[in-house]
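Heads up, the thing below is written out as structure tokens.
Read-outs: derived from the displayed coordinates by stated rules, not from any lab. Note that the structure is predicted; figures quoted are calculated from it, not measured. In this analysis, Cβ positions are derived from the backbone assuming ideal geometry, glycine residues included, and neighbour counts consider all displayed protein chains.
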Amino acid sequence: MALILPKSIFLHIPKTGGIWVRNAIKRANIDTFEYGEQHSHFNELLKYRDSQFYEKKFIFTFIRHPLSWYQSRWAFRVKHGWKMQHPLDFNCASNNFCQFVENCIEYKPEGWVSWLYQSFIDKAPKDVFVGKQENLGGDLINALHNAGEAFDEQLILDADRANVSDMHGKSSKDMAVYTTDLIDKVLDVEKSIIDRYYFDINPSSLYQQYSLEYSDVSI
């Protein structure tokens, strides 16, 4: 569901830290209510109020790097089960991480993550503040300040982690390790969103962080 705050709206893109954002906002004692399903994008919100209601509010959302998004999405489904009513699961499900990503690329060659993010960000009636999962606390504080919300920063920073996709004590990055070739493929198909929001990252650091060749973890 889209989270409606006094002066702003939070659009919850799946697997980008949104559960933590919701909990942190609640912890900060900001009044909220919700419209739609948990991951409603803007078109669905028009079922509840006309566009003028939303145009008056500051809109914010969060993303994460596509390489990390695929890891988190795969680990979550392996842990909790695939849902074949979801088109991504129906077309791409595999308990082998690299095969899952290959399936996603074949299913959505223009980039599933790019398509997903754009469906939230570009369909809004005004510019959207885009925070990053890699800097959840700081970017949420910036978003709330920009919106003019009243809150205690420390209550945001003290919020506990939420919805972590760990499996048997290992994180999704431990269990879902890329080959360098697969990193190349993801960077290519997700180029539009990477160039837009992650242009400042040195690609060589991504290979060191995500590639099997640089990892000590065997899966």
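Between the helical axis of 180-189 and the longest alpha-carbon principal axis of the chain there is an angle of about 40 degrees.
If you take the square roots of the eigenvalues of the alpha-carbon gyration tensor of segment 55-169 and sort them as a ≥ b ≥ c, do you get rounded (a/c under 1.5), prolate (a/b over b/c) or oblate? Verdict is oblate for segment 55-169.
Report, in degrees rounded to the nearest 10, the 0 to 90 angle that the Cα long axis of helix 136-147 makes with the longest principal axis of the chain. Helix 136-147 and the main axis of the chain meet at about 30 degrees. Please give the Cα centre distance for segment 73-88 versus segment 130-146, rounded to the nearest Å. Centre-to-centre distance over Cα atoms comes out at 27 Å. Please work out the FRET efficiency for the pair residue 110 and residue 7, using the Cβ-Cβ distance as r and a Förster radius of 41 Å; give the result to the nearest 0.05. About 0.75, to the nearest 0.05.
Here the ratio of the Cα radius of gyration of segment 1-123 to 2.2 N^0.38 Å is 1.15.
Rounded to the nearest 500, the helix-only mean residue ellipticity at 222 nm of the chain stands at -13500 deg cm²/dmol, with each DSSP H run of n ≥ 4 adding -39,500 (n - 2.57).
Modelled spin-label separation between residue 161 and residue 179, with each label point placed 7 Å from Cα along the Cα-to-Cβ direction: 3.0 nm.
Of the residues 118, 71, 154, which exhibits the maximal mean-square fluctuation in a Gaussian network model of the chain defined by a 10 Å Cα contact cut-off? Greatest mean-square fluctuation among the candidates belongs to 154. Each Cα pair under 8 Å and six or more residues apart adds its separation to the average, and for the chain the resulting relative contact order is 27 percent.
Here each label is just a point 7 Å from Cα along the line to Cβ, and for residue 83 and residue 191 those points are 3.3 nm apart. Note on the chain: antiparallel DSSP beta bridges, both residues inside, total approximately 40 percent of the bridges counted. Stretched out straight at 0.36 nm per residue, the stretch from residue 37 to residue 204 would grow longer than its current Cα-Cα span by 56.3 nm.
Distance between the 7 Å Cα→Cβ label points at residue 44 and residue 103: 2.2 nm.
Can you tell me how segment 1-66 classifies by the Cα gyration tensor, rounded, prolate or oblate, using a/c under 1.5 as the rounded cut? It is oblate, given that a/c is not under 1.5 and a/b is not larger than b/c. Counting GluC sites (Glu not before Pro) as exposed when in a DSSP loop with at most 14 other beta carbons within 10 Å, what is the longest stretch of the chain free of them? Longest stretch, sites excluded: 111-219. Relative contact order of segment 5-126, taken over Cα pairs closer than 8 Å and 6 or more residues apart, is 33 percent. Here's the list of aspartates and glutamates a cross-link from residue 56 could span, going by alpha-carbon distance under 15 Å and ignoring same-chain residues fewer than 8 apart: 127, 149.
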